[in-house]
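The values are calculated or read from the model by the stated rules, or taken from the named source; none is laboratory data. Keep in mind that what you see is a predicted model, and the values were worked out from it rather than measured. Glycine also receives a Cβ, built like all others from the backbone with ideal geometry; neighbour counts cover every protein chain displayed. Keep in mind that these areas ignore ligands, DNA and RNA; they rest on the heavy atoms of the full protein, side chains included. Shrake-Rupley method; radii C 1.70, N 1.55, O 1.52, S 1.80 Å.
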Amino acid sequence: MSSTGSRKSFSRRDLLRGAGGVVALGALAACGGNTGRSSSGGGGAGATISQWYHQYGEAGTEQAAKRYAKSYKKATVNVQWTPGDYASKLASGLQSNSGPDVYESQFNVNMARSKQAVPLDDLVADVKSDYNAVDLTTNTYQGKLYGIRMIDDPQLIYYRKSMLSKAGVEPPQTLDDLVKAAKALTSKKVKGLFAGNDGGVAMTRPALVAAGADYLTTGDNPTVAFNTPDAAKALGMLHQMYADKSLLLGNTTEWTDPSAFTQGLAAMQWCGLWAMPGIQKAVGDDFGVIAFPRMSDQGKASVYSGGWTAFVSGKAKDVDAAKEFVKWLWVDNTADQEDWCLSYGFHIPPRKSLAAKAKKLQSGPAAEAVKLNSESGITDFPFWTLPMNTAWTDAMNNIIRKGADPRAQLDKAGQQVKKELAKLNG
């Protein structure tokens, strides 16, 4: 549910891209009056807990969230289901005394430093080894875990078997293969690849990994890791697909929605696991999935493993009560976790034991997606902030759509990212 097959215009990943949105949008603290204190689903005794979600597109998700809240007996849990600009509304709420006690987002180190999130290590102490390692890493700062992952949403490349077979094209194994396949699959009526109406900015981090680079180095004192000759070459290859007119552009939906793929407008599409049930319904078994392919022996194939995480605000009315609720729902309550991950689209449960027994993910392309996510999954850096991502996105648009020199654009973005890292490292 990091995005949705029914969404028509934007990605949930873009709402809080890189998790910097919560703190970085603090200047918007005056916006809106939606406090989340109205009753909308809880039914317990004792404390009152305000729980915030963004608006998921999958049918039944809002009802499920409120059903979980109502079944909690130790507190009254009021669910706020937030349409529109969740990032701004969440930033506003977390700056005030009337915001959420429990909320979903993606982690950024500023959340820990500003006490917008409190450590939750004690909640998973007995089951920590059962969590996907990358889900722990992406929510950890200075050795402390600040969030409990709710869902894993791998993003990868879908391809239509029949279209590739007709064109004599094999599923791409390298980035060069992808560029050639996209061109070979393009005709008057069909484009080779759909990766968003911006030309594929969503694929730019996997392109870095394909070239043996990444946004940042790991650890609590990261440095810029993307300004390399191979990274510039890989990003230039994304522009090549744009220049070849191999990319579907100007579509009525974004890459988060599979309709361009299911309607045969593109032979391949970058999309998420969440869309697989709709794709299966539309095209049967006429599709497969692959990771974003490696560029060279120094690089590797990758699957962006997005998702959403539950946090407890340091301004919660009762931090202990809020933590107890999060533990009940997102650690102990495996039945509702399985329901949340598998009844409204396909998502991988962060608990390895749940993922292993999820029948809907044990065969066909779904099983392949799970395997690829396990082998090649990459997730967000806690130090990657919204200003960094804005600099990155501007550079990527210049490279992909305008044909700007990749090395120069990476250098420009790198300088901006270095300034932001200096601010974070103080």
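Which of the residues spanning segment 219-241 are part of a helix (DSSP H, G or I) and either over 22 Å from G403 (Cα atoms) or of a type in the set (D, E, K, R) (or both)?
D230, K233
Find all pairs meeting these conditions: Cβ atoms under 6 angstrom apart; at least six residues apart or on different chains; first residue within segment 59-77 and of a type in the set (S, T, N, Q); second residue outside any helix (DSSP H, G or I) and open to solvent by less than 60 Å² (accessible area, probe 1.4 Å).
Partner pairs satisfying both residue conditions: T61/Y344; T76/G42; T76/G44.
With V283, V303, V289 as the choices, which residue is closer than 30 Å to A112 by Cα, modelled with pLDDT of 95 or more and β-branched (V, I, T)?
Being closer than 30 Å to A112 by Cα, modelled with pLDDT of 95 or more and β-branched (V, I, T) holds for just one of V283, V303, V289, which is V303.
Check off (1) at pLDDT below 95; (2) out of contact with any strand residue (DSSP E or B) (no Cβ under 9 Å at 6 or more places or on another chain) for L361 and give me the number that stays unchecked.
Result: L361 fails condition (2) only.
Say whether the condition of being of a type outside the set (A, V, I, L, M), out of contact with any helix residue (DSSP H, G or I) (no Cβ under 7 Å at 6 or more places or on another chain) and surrounded by 18 or more Cβ atoms within 10 Å (Cβ to Cβ) is met by at least one residue in segment 351-372.
no
Within segment 255-285, can you find the residues that are under 15 Å from K191 (Cα atoms), open to solvent by 20 Å² or more (accessible area, probe 1.4 Å) and assigned to a loop (DSSP other than H, G, I, E, B)?
Residues satisfying the conditions are Q263, L265.
So is K245 closer than 16 Å to S296 by Cβ and open to solvent by 60 Å² or more (accessible area, probe 1.4 Å) or not?
When the stated conditions are applied, K245 does not pass them.
All but one of (1) free of Cβ contacts under 8 Å to residues at least 12 places away in the same chain; (2) crowded, with 24+ Cβ neighbours inside 10 Å hold for T217, so report the exception by its number.
(2)
Conditions tested, residue by residue: (1) farther than 24 Å from M295 by Cβ; (2) touching a Ser or Thr at 6+ places or on another chain (Cβ under 7 Å); (3) buried (at least 19 other Cβ atoms within 10 Å of the Cβ).
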residue: L94; (1), (2), (3): yes, yes, yes
residue: S114; (1), (2), (3): yes, no, no
residue: Q173; (1), (2), (3): no, no, no
residue: L193; (1), (2), (3): no, yes, yes
residue: G200; (1), (2), (3): no, no, yes
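Search segment 362-385 for residues that are within 24 Å of V283 (Cβ to Cβ) and pair each with any residue that is surrounded by fewer than 23 Cβ atoms within 10 Å (Cβ to Cβ) and of a type in the set (K, R) when their beta-carbon atoms are under 9 Å apart and the residues are at least 6 apart or on different chains.
From residues that are within 24 Å of V283 (Cβ to Cβ), the pairs are A366/K360.
Here's a check for you: in segment 133-188, which residue that is basic (K, R) and in contact (Cβ under 8 Å) with a residue 60 or more places away in the chain is nearest to P119 (Cα to Cα)?
Residue satisfying both the conditions and the ranking: R149.
Hey, F194 hits all of (1) in contact with a Leu (Cβ under 6 Å, 6 or more places away or on another chain); (2) aromatic (F, W, Y); (3) farther than 21 Å from P365 by Cβ but one; which does it fall short on?
Of the numbered conditions (1) in contact with a Leu (Cβ under 6 Å, 6 or more places away or on another chain); (2) aromatic (F, W, Y); (3) farther than 21 Å from P365 by Cβ, the odd one out for F194 is (3).
Looking at G212, G196, G236, can you tell me which residue is under 24 Å from E375 (Cβ atoms) and out of contact with any Lys or Arg (no Cβ under 7 Å at 6 or more places or on another chain)?
None of the other options fit; the residue is G212.
With respect to G299, is the statement that it is surrounded by fewer than 21 Cβ atoms within 10 Å (Cβ to Cβ), more than 30 Å from S50 (Cα to Cα) and among the small types (G, A, S) true?
For G299, the condition - surrounded by fewer than 21 Cβ atoms within 10 Å (Cβ to Cβ), more than 30 Å from S50 (Cα to Cα) and among the small types (G, A, S) - is not met.
For T186, state whether it is part of a loop (DSSP other than H, G, I, E, B), at pLDDT 95 or above and not acidic (D, E).
yes
Step by step: first the residues of segment 290-348, then only those that are among the aliphatic types (A, V, I, L, M) and more than 22 Å from the chain's Cα centre (by Cα), then the one that is farthest from M237 (Cα to Cα). Which residue is that?
A321
Might you let me know whether segment 122-137 holds any residue that is buried (at least 24 other Cβ atoms within 10 Å of the Cβ) and either farther than 22 Å from T253 by Cα or among the basic types (K, R) (or both)?
Scanning segment 122-137, I find at least one residue that is buried (at least 24 other Cβ atoms within 10 Å of the Cβ) and either farther than 22 Å from T253 by Cα or among the basic types (K, R) (or both), so the answer is yes.
I need the full set of residues from segment 194-214 which are in a helix (DSSP H, G or I) and in contact (Cβ under 8 Å) with a residue 40 or more places away in the chain, in order please.
Result: V201, A202, M203, T204, R205, P206, A207, V209, A210.
Going by the structure shown, is S313 farther than 30 Å from G212 by Cβ and not charged (D, E, K, R)?
Answer is yes for this residue.
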